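Here is the structure we will look at, set down as structure tokens.
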Amino acid sequence: MNYIKENLNNVFKDIEDACVKVNRNKDDIVLIGVTKTVDIPIIEEAIKNGIKHVGENKVQELVKKYDLIGSKVKWHLIGTLQTNKVKYIIDKVDMIHSLDRISLCKEINKRAESIDKVIDCLVQVNISKEESKHGIYKEDVIEFIKNVSNKFNNIRIKGLMTMAPYVDNPEDVRIYFRELKDLSNEIKKLNLENVYMDYLSMGMSNDFKVAIEEGANMIRVGTSIFGKRNYMK
Ligand SMILES: *Cc1c(COP(=O)(O)O)cnc(C)c1O
């Protein structure tokens, strides 16, 4: 399992390099280890070597792992969330990255209220308008956020999240990261109640260095830490 430590150290080094390049502080970057399909002992090894946040994209998998690992790390739900599954994760997750429709807000708000919790969420933006991607189109985000800000007391919007298209050369998606940063600045200026543009969750194994250069402060990294995923098992 030595490779985990080695991979992680490489990722930490890459984060630092990207920060140096644009004069940012590496301590401002939250690294989320994306642990989908990764087994518990390997996740524990990553935790031992510095991972403090983990991200899962499936509710069932998150719940199973949460039961074994518990709250010594922070849990992020980074995948599409079905409304009928909110109840399973509401008391476990520290942040939901995939807020993308009002019906989901209603359910999250209801479940959060029932356990007296205000839950941090990011609005997922489909910045590249790829059909295969979830999220709200850029031009609809402000109206959506205005609606949420008025109506849902148990949801705190903490920022924006996006997934860039997969490309061989990460320079090709720099523009999308920049657009998300611009959008978050625009929203910040509106000073909406219960809306904070504290986090920009963007950048994955292939493109997190570019994302950091463009203002990301939450990156979601799986493959670079854990290796290629095997979905067959
Ligand atoms: C899988 C996944 C990641 C991590 O992708 P890698 O390329 O393995 O780093 C990040 N964000 C989301 C939403 C994911 O589903």
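The values are calculated or read from the model by the stated rules, or taken from the named source; none is laboratory data. All figures in this text were calculated on a predicted structure; none of them were measured in a lab. Cβ sites come from the backbone with ideal geometry, for glycine too, and all protein chains shown count toward neighbours. With ligands, DNA and RNA removed, areas are computed over all heavy atoms of the protein, side chains included. Shrake-Rupley method; radii C 1.70, N 1.55, O 1.52, S 1.80 Å.
So here's what we get for this one:
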quantity	calculated
Of all residues in the range 31-60 being farther than 23 Å from V86 by Cβ and among the aliphatic types (A, V, I, L, M), the one that is nearest to the chain's Cα centre (by Cα)	L31
Search result, residues across the range 97-154 that are farther than 22 Å from K189 by Cβ, of a type in the set (D, E, K, R), more than 17 Å from the chain's Cα centre (by Cα) and surrounded by 17 or more Cβ atoms within 10 Å (Cβ to Cβ)	E107, R111
Options N153, N126: the member that is away from the ligand (no atom under 16 Å from the Cβ) and of a type in the set (S, T, N, Q)	N153
In the range 182-204, the residues that are polar (S, T, N, Q) and either more than 13 Å from the ligand (Cβ to nearest atom) or over 13 Å from the mean Cα position of the chain (by Cα) (or both)	S184, N185, N191, N194
Residue satisfying all of: in the range 215-233; more than 13 Å from the ligand (Cβ to nearest atom) and over 16 Å from the mean Cα position of the chain (by Cα); modelled with the lowest pLDDT among these	K233
Residue match in the range 158-174 (condition: open to solvent by 10 Å² or more (accessible area, probe 1.4 Å) and in contact with a strand residue (DSSP E or B) (Cβ under 6 Å, 6 or more places away or on another chain))	yes
Any chance H53 is over 20 Å from K228 (Cα atoms) and either in contact (Cβ under 8 Å) with a residue 60 or more places away in the chain or open to solvent by 20 Å² or more (accessible area, probe 1.4 Å) (or both)	no
Residues (of a type in the set (A, V, I, L, M, F, W, C) and away from the ligand (no atom under 16 Å from the Cβ)) located in the range 18-64	C19, V20, V22, I40, I47, V63
